[in-house]
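What follows is one structure encoded as structure tokens, with my remarks underneath.
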Amino acid sequence: MYDLLVIGGGINGSGIARDAAGRGLKVLLCEKDDLASHTSSASTKLIHGGLRYLEYYDFALVRKALIEREVLLASAPHIIWPMRFVLPQNPKVRSPLLVRLGLFLYDHLGGRKVLPATKILKRRNSDRLDPLASNFTKAFEYSDCWVDDARLVVLNAVDASERGATIMTRTECSGLTTHNGIWTASLTADDCTTTNVQARAIVNAAGPWVDNIAGLAKQISNNEHVRLVKGSHIITKSLFPGEQAYFFQNEDGRIIFAIPYEEGRFTLIGTTDEIFNADPQNVKISNEEIQYLCESANAYFDQKINGDDVIATYSGVRPLYDDKASDDSAVTRDYVLSTKSIGGAPIVSVYGGKITTYRKLAEDVLDELMDTLHEDVGTWTKDNPLPGGDILDADFESYAKAQSDTLGWLDPEVRRRLLRAYGTRAHELLGDSKSTTDLGHHYGSGLYQAEVDYLVDREFARTAEDILRRRTKLYLHMSAENQARLKESLETGTVA
């Protein structure tokens, strides 16, 4: 008998499982695919307040997100770090005075303590305008944070597991019934075997499939349902030097980010916003979206791009709470919790939300259930780092520099990637290794057998895609031949 069954292994589900396990609850999380295999690995990879939400007067959401921004930065400084955003002044779209007012609110709504404030840039005294077309002579520069979104999900699941939660990937919830105030869930694994488990409460954090699970539980109503909005991104060669990102205002009212990706070797451009009515399992970018993102970048950058310059793409479906807004870009990004009792057994369905507020969402979900579960354990995640995040003063750069002596035998790029991905736990991965020979077979691009084994044993990875796309981003660097060798090795259990 579990206290809590969490359905969905995205950021909300993994965050809820972590919080619940840390409160002493017996927790089971099931995910029908890999952790973060859908929406939560397809974001723009930002921990941010949502500057554009101020236009919709969503001050409460922006404030909540801004407060969380620095909480998360302190909890995982290896996978989250500060980034400056350059917002060129474009009077055709928004008045500079209006933008400045918005940035003033952005600087002050959330009690900013660590991140630097907004400043004004001019072309004559800032090289950060150099990549832009010559007609952009002024810009604002403000602060937000970058995040490796898929790793954020995985680290929450790892922490949940280490605190006693059971994590079952490739396991779909295929049936829900209640009896005497207890849920019975049918869980079907990818080998088609089905297991029945019981739980005192359920959290439906199935993202784009939240309505499906609510239907299984007979919870769904006509007043609460999700609006699916597709967002797509493109990855190109690096379009500008430096660690700053760019925030572009389009004349159609949308906004686009251009962000340095993979230590600046690429540029990530996104996102689109369009209603999605197809199967979320098979979402992909359209040619029209590629063209739109290229044209959006070309309107600002001096260096022009087209579809031939696109190295990779990804798309995801955002499961937004349907607040009946006519504009898809204006649909609230805040979360809504629907709590009901079915046959005396509680279920909380999570609608909407954004990565930045996942930890607060988890607290709110547990608050909804504490009376039913009769547990009196306070919140705890705010001041506890995620695995690998226990870095002194949350200063990753100082930590990485200090490791250059003890890990000097590693190639500098490989060392930095490992420290970025695993933080202090890179030493657990490396063990007593003193040379790359100790790390086992090299699959190429700095991926050794020791890391593969760690990801399988400790981070729930099972396939080459799990490792190359979500636990790392090595699919962007590794040859197709080496990717195939890794795939064969994992499928056969032998080194190819």
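The values are calculated or read from the model by the stated rules, or taken from the named source; none is laboratory data. Quantities reported herein were computed from a predicted structural model and do not represent experimental measurements. Ideal geometry is used to build each Cβ from the backbone, glycine not excepted, and the neighbour counts take in all protein chains shown. The accessibility values were calculated without ligands, DNA or RNA, using every heavy atom of the protein model including side chains. Shrake-Rupley method; radii C 1.70, N 1.55, O 1.52, S 1.80 Å.
Residues in the stretch 221-271 that are of a type in the set (D, E) and farther than 14 Å from T44 by Cα were compared, and the one that is least open to solvent (accessible area, probe 1.4 Å) is E224.
Quick check on the stretch 304-321: of everything there that is open to solvent by less than 40 Å² (accessible area, probe 1.4 Å) and among the hydroxyl-bearing types (S, T, Y), which residue is nearest to D279 (Cα to Cα)? Restricting to residues being open to solvent by less than 40 Å² (accessible area, probe 1.4 Å) and among the hydroxyl-bearing types (S, T, Y), the top hit is S315. When the stretch 204-226 is filtered for residues that are outside any loop (DSSP other than H, G, I, E, B) and under 30 Å from S143 (Cβ atoms), only G207 remains. Kindly check whether there is at least one residue in the stretch 141-161 that is within 26 Å of the chain's Cα centre (by Cα), crowded, with 20+ Cβ neighbours inside 10 Å, farther than 30 Å from F248 by Cα and among the acidic types (D, E). Yes: one or more hits. Of the residues making up the stretch 466-492, those that are open to solvent by 20 Å² or more (accessible area, probe 1.4 Å), in a helix (DSSP H, G or I) and touching a strand residue (DSSP E or B) at 6+ places or on another chain (Cβ under 7 Å) are L476, N482, R485. Here C294 passes the criteria (1) among the hydrophobic types (A, V, I, L, M, F, W, C); (2) more than 25 Å from D33 (Cβ to Cβ); (3) open to solvent by 50 Å² or more (accessible area, probe 1.4 Å) except the one numbered (3). All of A60, A36, A74 fail the test of being among the aliphatic types (A, V, I, L, M), out of contact with any Phe, Trp or Tyr (no Cβ under 8 Å at 6 or more places or on another chain), in a loop (DSSP other than H, G, I, E, B) and modelled with pLDDT of 90 or more, apart from A36.
Is there any pair with a first residue in the stretch 1-21 that is within 12 Å of V365 (Cβ to Cβ) and a second that is at pLDDT below 95 and among the aromatic types (F, W, Y) whose Cβ atoms are under 8 Å apart and which are 6 or more apart or on different chains, and what are they? Listed pairs, sorted by first residue: N12/Y335. Residue-level check: of (1) under 27 Å from F266 (Cβ atoms); (2) assigned to a helix (DSSP H, G or I); (3) under 24 Å from the mean Cα position of the chain (by Cα), D453 misses just (1). When K218, K230, K284 are checked against the criterion of being among the charged types (D, E, K, R) and without any contact (Cβ under 8 Å) to a residue 60 or more places away in the chain, K284 stands alone in meeting it. Of all residues in the stretch 47-67, those that are under 17 Å from D323 (Cα atoms) have Cβ atoms under 6 Å from Cβ atoms of residues that are open to solvent by 10 Å² or more (accessible area, probe 1.4 Å) and among the aromatic types (F, W, Y), 6 or more apart or on another chain, in L61/Y53. The set of residues in the stretch 76-95 that are in contact with a Gly (Cβ under 9 Å, 6 or more places away or on another chain) and surrounded by 22 or more Cβ atoms within 10 Å (Cβ to Cβ) comprises A76, P77, H78, I79, I80. Annotation: Q403 fulfils all but one of (1) polar (S, T, N, Q); (2) open to solvent by 40 Å² or more (accessible area, probe 1.4 Å); (3) not in a loop (DSSP other than H, G, I, E, B); the unmet one is (2). Residues in the stretch 1-33 that are surrounded by fewer than 24 Cβ atoms within 10 Å (Cβ to Cβ) and either part of a loop (DSSP other than H, G, I, E, B) or among the acidic types (D, E) (or both): M1, D3, R23, G24, L25, K26, K32, D33. The residues in the stretch 236-275 that are in a strand (DSSP E or B) and either out of contact with any Asp or Glu (no Cβ under 6 Å at 6 or more places or on another chain) or at pLDDT 95 or above (or both) can be counted, and the count is 20.
Take the conditions (1) more than 19 Å from W209 (Cα to Cα); (2) open to solvent by 50 Å² or more (accessible area, probe 1.4 Å); (3) part of a loop (DSSP other than H, G, I, E, B); E288 misses just one of them, which is (3). Would you confirm whether any residue within the stretch 68-91 is over 20 Å from A394 (Cα atoms) and without any contact (Cβ under 8 Å) to a residue 40 or more places away in the chain? Yes, that holds for at least one residue. I need the full set of residues from the stretch 415-449 which are assigned to a helix (DSSP H, G or I) and either open to solvent by 20 Å² or more (accessible area, probe 1.4 Å) or free of Cβ contacts under 8 Å to residues at least 12 places away in the same chain (or both), in order please. Across the stretch 415-449, the qualifying residues are R415, R416, R417, R420, T424, R425, H427, E428, T436, T437, D438, Q449.
Here A201 meets the list (1) under 23 Å from the mean Cα position of the chain (by Cα); (2) crowded, with 22+ Cβ neighbours inside 10 Å almost entirely, failing just condition (1). Out of L410, L373, L386, one residue alone is out of contact with any Gly (no Cβ under 9 Å at 6 or more places or on another chain) and either open to solvent by less than 70 Å² (accessible area, probe 1.4 Å) or on the phi < 0 side of the Ramachandran plot (or both). It is L373.
E274 passes every criterion in (1) under 22 Å from L46 (Cα atoms); (2) open to solvent by less than 40 Å² (accessible area, probe 1.4 Å) apart from (2).
Conditions (1) at pLDDT below 95; (2) touching a strand residue (DSSP E or B) at 6+ places or on another chain (Cβ under 7 Å); (3) in a strand (DSSP E or B), marked per residue:
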{"position": "P319", "(1), (2), (3)": "yes, yes, yes"}
{"position": "R333", "(1), (2), (3)": "yes, yes, no"}
{"position": "T339", "(1), (2), (3)": "yes, yes, yes"}
{"position": "D364", "(1), (2), (3)": "no, yes, no"}
{"position": "D367", "(1), (2), (3)": "yes, no, no"}
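Taking the stretch 98-127, which residues are touching a Lys or Arg at 6+ places or on another chain (Cβ under 8 Å), over 16 Å from G49 (Cβ atoms) and not hydrophobic (A, V, I, L, M, F, W, C)? Answer for the stretch 98-127, where residues must be touching a Lys or Arg at 6+ places or on another chain (Cβ under 8 Å), over 16 Å from G49 (Cβ atoms) and not hydrophobic (A, V, I, L, M, F, W, C): K122, R123.
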